[in-house]
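**Q** Below is one structure. I have some questions about it.
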2 protein chains.
Amino acid sequence: MPIHLSTAQPDFETRFAGMLSMKREDAADVNDAVAAIIAEVRGRGNAALVDLTARFDRLSLTPASLAFSKAEITEHTAKVAPEDRAALAMAASRIRAYHARQMPEDMRWTDPEGATLGWRWTPVSAAGLYVPGGQASYPSSVLMNAIPARVAGVERLVICVPTPDGVVNPLVLLAAELAGVDEIYRIGGAQAIAAMAYGTETIRAVDKITGPGNAYVAAAKRHVFGRVGIDMIAGPSEVLIIAEGAQNPEWLALDLLAQAEHDADAQSILITPDADLARAVEAEVERLLPGLPRAAVAGASWRDYGTIILTRDLEEAAALSDRIAPEHLELCVDDPEALAQKTRHAGAIFLGGWTPEAVGDYVSGPNHVLPTARSARFSSGLSVMDFLKRTTLARLTPAALAAIGPAAVRLAASEGLSAHGLSVSARLAVLNEDQG
Amino acid sequence: MPIHLSTAQPDFETRFAGMLSMKREDAADVNDAVAAIIAEVRGRGNAALVDLTARFDRLSLTPASLAFSKAEITEHTAKVAPEDRAALAMAASRIRAYHARQMPEDMRWTDPEGATLGWRWTPVSAAGLYVPGGQASYPSSVLMNAIPARVAGVERLVICVPTPDGVVNPLVLLAAELAGVDEIYRIGGAQAIAAMAYGTETIRAVDKITGPGNAYVAAAKRHVFGRVGIDMIAGPSEVLIIAEGAQNPEWLALDLLAQAEHDADAQSILITPDADLARAVEAEVERLLPGLPRAAVAGASWRDYGTIILTRDLEEAAALSDRIAPEHLELCVDDPEALAQKTRHAGAIFLGGWTPEAVGDYVSGPNHVLPTARSARFSSGLSVMDFLKRTTLARLTPAALAAIGPAAVRLAASEGLSAHGLSVSARLAVLNEDQG
């Protein structure tokens, strides 16, 4: 049974705080194992990758077969049904169009003192994308990670995807092809992260690594952070739906279950001022759950973390949503735009009953890699910006240095940094001589 | 003696790689101590802060005196010399003007299928800024961290600055006042980071923590990351100067020394195709070093990490610079704009001989919190963006769902996520009924 809360309960604050601080993830401590794997790859390169892939993926590789060849990729992708290919192509095209609008502009201006200031954006040179193997090997995630990198202008784009027992997901290869990936390696786990961060004889190191993975992959990403950039370490997924009266309870139930079927640690939350709707949605969840192929997973998530909160009105619902800062926020209400204005912290907002969160996972265009575990309070989903960096620019004329340099000399003195001051005053001295 | 390299050396690649991989920082392992301090603050709140401040800062506080009062702040800032106040005010105003231009815009558009897409930016609600005590208590860093937060629209801005033995830096308080900081606490170390991340009876928790600090502060920031956002963990500072013939050797020497005086782990690098200039600059460094108040620090940095590299030409210099990806890049050449176009990875670029890096530390306007240790390959300096987050928006009409929904259903099926597919197809079914 899901958690039932109502803001009318006298102990609501305590219960809500308990729900907020619920730990949904028991990250296994795999740091020692991961450190050993990374050291092995750094020390032995390709040979380590071959050994580790034999051990973990029961797959016999050679340095030459670490990468998929063009011919192999074509052979696999040829198996994809035309309807799947068309769906993936539509998704790729919509994701590309959305992310193309995110490209930021360079700026340059000259201020009244004569200082020319600004910044410019340049892409990361090489990026590596991790794709899990097995059940969670999602072609949609390939598109969501690789397309922003390509739009940003990353020159070299690498994928590592394990193929346990040699099983290849043709849709993953097709997604990589559609996204314009340059190299695909059939390695996984911490060894793949190590190979991308440090390089081997055949895999050149990259500058940034993104993509989801299991506890080993997450620990390896933390481990190599600093050596390369990484994206966020994602926690279990979550959806929060704010709904009112006229909405279709079956649709809402399916949206809650779509989140729950991801993972037993996923969380689905319904907040509504309408007790009848809450009851109807819960009944629909119970009715639909047993028919799902992933009923065991979805049922565990709904039983352990599913939450229904009754509020006085929509304003109160919006305020609670902000305290949760959900990854996905569905506003299934008559005026979703007005309600969106009343919330501030969410990874992605889905406005109105015709925008189920699942379209956002695949084809609407925005990225589906979003901040979890309340981190939408301070972070954003994956975007083109994750594959760009900003360099600030400054150019002073002698007159500009004469105008602002003395303040720098003064501040350097107050901070006890005399060479800082001298580096400015030596130039000012030459200026003064020239004028003398 | 600094490291001398030349691209004409047959073993240059090996030597350069050795220089690149030189470890300049021996981070003490303080994780256990930090974990204990954080646990103590979480468990005992204010009482822990009072005890830890007595122990580490030899300062007796009460919960009521954790914060500076308005009257105390005024009393301290009144002591600041008018010239220092004016210099700080100029710096604040220029930093504000630069960062105001960084505010990104919200976007919203409707695509041909009828999907209204976009994103919006919202500020982090509360930010905490750590300011070190003692020697490295820099008012300029207060401005560089606090002003971007204010420009972003952060509602509540908190500073923690330790005052060991009760010694207060009036310029730090003045900088906080100029930047519009709301609360200032006289606590430091891991306990300050814990207080800002988890809150105590009097210090409300924040959502994002930025600012420099010692090994304890850095470890504490890593520890609370996830609970709150953090900025980068900065390594020792570095400058790379590319110079050619006509430049003033004294200026270049002072720019190298300005970097070296920060820290014995700092690194100053000169790259030039002109052997005479290289010799002249090195001689100037030797001449000027002994006269510096911080000669011991600057001398150690120059001796251990200072580097001079001779190249064939400026193109080669630019290529080496990109491999180093320096925090600060000074282009002291005749055509710095052209050379800037040939480089890609740097935190900040200072164009031409009249733009010493020290003006960037204080008054030019761009942020002085910049990526170190080659991380400019994949990350950027502090900016307004660090205090904002992006929420993606999507709103479909029934027609838009009819157009793109079937592709989502297809992809959900290929990923084995049936509730995802049902959440879309249940809506499509209603649409088809309506039309039937």
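**Q** B:Ala152 passes all but one of (1) under 24 Å from B:Asp84 (Cβ atoms); (2) in contact (Cβ under 8 Å) with a residue 60 or more places away in the chain; (3) of a type in the set (Gly, Ala, Ser); which number fails?
**A** (1)
**Q** What number goes with the only condition from (1) away from chain B (no Cβ under 13 Å); (2) surrounded by 18 or more Cβ atoms within 10 Å (Cβ to Cβ); (3) touching a helix residue (DSSP H, G or I) at 6+ places or on another chain (Cβ under 8 Å) that A:Asn169 does not pass?
**A** Answer for A:Asn169: the failing condition is (1).
**Q** Where in the range A:304-393 are the helices (runs of 4 or more DSSP H), entirely inside, with at least 3 residues that are over 17 Å from the mean Cα position of the chain (by Cα) and either at pLDDT 95 or above or outside the structural domain of A:Ser140 (by TED's automatic domain parsing) (or both)? Let's see the steps before the verdict.
**A** Details: elements: A:314-324, A:336-341, A:357-362.
Where helices (runs of 4 or more DSSP H) fall fully within the range A:304-393 and carry at least 3 residues being over 17 Å from the mean Cα position of the chain (by Cα) and either at pLDDT 95 or above or outside the structural domain of A:Ser140 (by TED's automatic domain parsing) (or both), they are A:314-324, A:336-341.
**Q** Within the set of pairs 6 or more residues apart or between chains, which connect a residue that is facing chain B (nearest Cβ under 7 Å) inside the range A:96-124 to a residue that is among the acidic types (Asp, Glu) with Cβ atoms less than 6 Å apart?
**A** Short answer, once both residue conditions are applied: A:Val124/A:Asp207.
**Q** Another question about this same structure. Kindly indicate whether B:Trp109 is surrounded by 15 or more Cβ atoms within 10 Å (Cβ to Cβ) and either in a loop (DSSP other than H, G, I, E, B) or of a type in the set (Phe, Trp, Tyr) (or both).
**A** Working: surrounded by 15 or more Cβ atoms within 10 Å (Cβ to Cβ): no; either in a loop (DSSP other than H, G, I, E, B) or of a type in the set (Phe, Trp, Tyr) (or both): yes.
Criteria not met by B:Trp109.
**Q** Something else about it: Identify the residue in the range B:385-433 that is charged (D, E, K, R) and touching a residue at least 24 places away in the same chain (Cβ under 8 Å) and, among all such residues, is nearest to B:Asn367 (Cα to Cα). Steps first, answer last, please.
**A** Of all residues in the range B:385-433, those charged (D, E, K, R) come to B:386, B:389-390, B:395, B:410, B:415, B:427, B:433.
Filter once more, so that each one left must be touching a residue at least 24 places away in the same chain (Cβ under 8 Å): B:386, B:389-390, B:395, B:427.
Details: B:Asp386: 12, B:Lys389: 19, B:Arg390: 21, B:Arg395: 37, B:Arg427: 50 Å.
Checking each candidate, the answer is B:Asp386.
Residue by residue, here is whether (1) buried (at least 21 other Cβ atoms within 10 Å of the Cβ); (2) farther than 25 Å from A:Tyr362 by Cα holds:
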site: A:Leu270; (1), (2): yes, no
site: A:Asp274; (1), (2): no, yes
site: A:Arg287; (1), (2): no, yes
site: A:Gly306; (1), (2): yes, no
site: A:Ala317; (1), (2): yes, yes
site: A:Arg344; (1), (2): no, no
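**Q** Among the residues that make up the range B:212-219, is at least one of them surrounded by fewer than 24 Cβ atoms within 10 Å (Cβ to Cβ), modelled with pLDDT under 95, touching a helix residue (DSSP H, G or I) at 6+ places or on another chain (Cβ under 9 Å) and outside any helix (DSSP H, G or I)?
**A** Yes.
**Q** Kindly evaluate A:Pro104 against the criterion of being in a loop (DSSP other than H, G, I, E, B) and farther than 30 Å from B:Glu113 by Cα. Before you say what the answer is, go through the steps one by one.
**A** Working: in a loop (DSSP other than H, G, I, E, B): yes; farther than 30 Å from B:Glu113 by Cα: no.
Here the answer is no, as A:Pro104 does not meet what is asked.
**Q** Would you check if B:Leu382 is touching a Ser or Thr at 6+ places or on another chain (Cβ under 8 Å), touching a residue at least 60 places away in the same chain (Cβ under 8 Å) and closer than 24 Å to A:Ala400 by Cβ? Give the derivation first.
**A** On the way: touching a Ser or Thr at 6+ places or on another chain (Cβ under 8 Å): yes; touching a residue at least 60 places away in the same chain (Cβ under 8 Å): yes; closer than 24 Å to A:Ala400 by Cβ: yes.
Yes: the conditions hold for B:Leu382.
**Q** If you don't mind, another one. Is it fair to say A:Glu238 is crowded, with 24+ Cβ neighbours inside 10 Å and more than 10 Å from chain B (Cβ to nearest Cβ)? Please lay out each step first, then the result.
**A** Working: crowded, with 24+ Cβ neighbours inside 10 Å: yes; more than 10 Å from chain B (Cβ to nearest Cβ): yes.
In short, yes.
One line per residue, one yes/no per condition, for (1) in contact with a helix residue (DSSP H, G or I) (Cβ under 7 Å, 6 or more places away or on another chain); (2) modelled with pLDDT under 95; (3) of a type in the set (A, V, I, L, M):
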{"position": "A:Arg227", "(1), (2), (3)": "yes, yes, no"}
{"position": "A:Ile241", "(1), (2), (3)": "yes, no, yes"}
{"position": "A:Ala253", "(1), (2), (3)": "yes, no, yes"}
{"position": "A:Leu257", "(1), (2), (3)": "yes, no, yes"}
{"position": "A:Ala260", "(1), (2), (3)": "yes, no, yes"}
{"position": "A:Leu270", "(1), (2), (3)": "yes, no, yes"}
{"position": "A:Arg279", "(1), (2), (3)": "no, no, no"}
{"position": "A:Glu284", "(1), (2), (3)": "yes, no, no"}
{"position": "A:Gly291", "(1), (2), (3)": "no, no, no"}
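**Q** If you don't mind, there's one more thing I want to ask. Could you identify the single residue in A:Ser93, A:Ser140 that is in a helix (DSSP H, G or I), at negative phi and assigned by TED's automatic domain parsing to the domain that holds A:Glu177? Walk me through how you get there before you give the answer.
**A** Numbers: A:Ser93 fails: assigned by TED's automatic domain parsing to the domain that holds A:Glu177.
The conditions single out A:Ser140.
**Q** Check off (1) in a helix (DSSP H, G or I); (2) of a type outside the set (A, V, I, L, M, F, W, C); (3) under 24 Å from A:Val281 (Cβ atoms) for A:Glu40 and give me the number that stays unchecked.
**A** Answer for A:Glu40: the failing condition is (3).
**Q** For the range B:1-37, enumerate the residues that are farther than 30 Å from B:Ala197 by Cβ and part of a loop (DSSP other than H, G, I, E, B). Give the steps one after another, and end with the answer.
**A** Filtering the range B:1-37 for residues farther than 30 Å from B:Ala197 by Cβ gives B:1-22.
B:Met1, B:Pro2, B:Thr7, B:Ala8, B:Gln9, B:Pro10, B:Asp11, B:Ser21, B:Met22 - these are the residues of the range B:1-37 that are farther than 30 Å from B:Ala197 by Cβ and part of a loop (DSSP other than H, G, I, E, B).
**Q** To continue, here is another question. For the structure I just gave you, tell me whether A:Thr272 is under 25 Å from A:Gly381 (Cα atoms) and among the polar types (S, T, N, Q). Lay out the reasoning, then the answer.
**A** Numbers: under 25 Å from A:Gly381 (Cα atoms): no; among the polar types (S, T, N, Q): yes.
Taking the combined requirement at face value, the residue does not satisfy it.
**Q** So which residues in the range A:258-280 are within 14 Å of chain B (Cβ to nearest Cβ), in a helix (DSSP H, G or I) and more than 17 Å from A:Thr355 (Cβ to Cβ)?
**A** A:Ala260 - this is the single residue of the range A:258-280 that is within 14 Å of chain B (Cβ to nearest Cβ), in a helix (DSSP H, G or I) and more than 17 Å from A:Thr355 (Cβ to Cβ).
**Q** Next question. Are there any pairs, at least 6 apart or on different chains, whose C-beta atoms fall under 9 Å, with the first in the range B:30-54 and assigned by TED's automatic domain parsing to the domain that holds B:Val167 and on the phi > 0 side of the Ramachandran plot and the second at pLDDT 95 or above and of a type in the set (Asp, Glu), and if so, which?
**A** Correct list of pairs: B:Gly45/B:Glu201.
**Q** Okay, next question. Tell me, yes or no, whether the range B:357-376 has at least one residue that is facing another protein chain (nearest Cβ under 8 Å) and within 30 Å of A:Val172 (Cα to Cα).
**A** No, that holds for no residue.
**Q** Now a separate question. Restricting attention to the range A:394-409, report how many residues are surrounded by fewer than 21 Cβ atoms within 10 Å (Cβ to Cβ) and either under 28 Å from B:Pro170 (Cα atoms) or in contact with a Cys (Cβ under 8 Å, 6 or more places away or on another chain) (or both). Spell out the reasoning first.
**A** Within the range A:394-409, the subset surrounded by fewer than 21 Cβ atoms within 10 Å (Cβ to Cβ) is A:397-399, A:402-403, A:406.
Applying the additional criterion that residues be either under 28 Å from B:Pro170 (Cα atoms) or in contact with a Cys (Cβ under 8 Å, 6 or more places away or on another chain) (or both) yields A:402-403, A:406.
Counting residues in the range A:394-409 that are surrounded by fewer than 21 Cβ atoms within 10 Å (Cβ to Cβ) and either under 28 Å from B:Pro170 (Cα atoms) or in contact with a Cys (Cβ under 8 Å, 6 or more places away or on another chain) (or both) gives 3.
**Q** Continuing with this model, one more query. Taking B:Ala338 as the residue in question, decide whether it is small (Gly, Ala, Ser) and more than 8 Å from chain A (Cβ to nearest Cβ).
**A** Working: small (Gly, Ala, Ser): yes; more than 8 Å from chain A (Cβ to nearest Cβ): yes.
It is true that B:Ala338 is small (Gly, Ala, Ser) and more than 8 Å from chain A (Cβ to nearest Cβ).
**Q** Taking only pairs six or more apart or across chains, which ones have beta-carbon atoms under 7 Å, a first residue in the range A:205-216 that is basic (Lys, Arg), and a second residue that is at pLDDT 90 or above and in a loop (DSSP other than H, G, I, E, B)?
**A** The qualifying pairs are A:Lys208/A:Val124; A:Lys208/B:Phe378.
**Q** Condition check: crowded, with 19+ Cβ neighbours inside 10 Å and touching a Cys at 6+ places or on another chain (Cβ under 9 Å). Does A:Ala258 satisfy that? If you could, list the steps in order and put the result at the bottom.
**A** On the way: crowded, with 19+ Cβ neighbours inside 10 Å: yes; touching a Cys at 6+ places or on another chain (Cβ under 9 Å): no.
Here the answer is no, as A:Ala258 does not meet what is asked.
The values are calculated or read from the model by the stated rules, or taken from the named source; none is laboratory data. It should be emphasised that the depicted structure is a prediction, and the values quoted were computed from it without experimental measurement. So basically every Cβ, Gly included, is an ideal-geometry build from the backbone, and we count neighbours across all protein chains shown.
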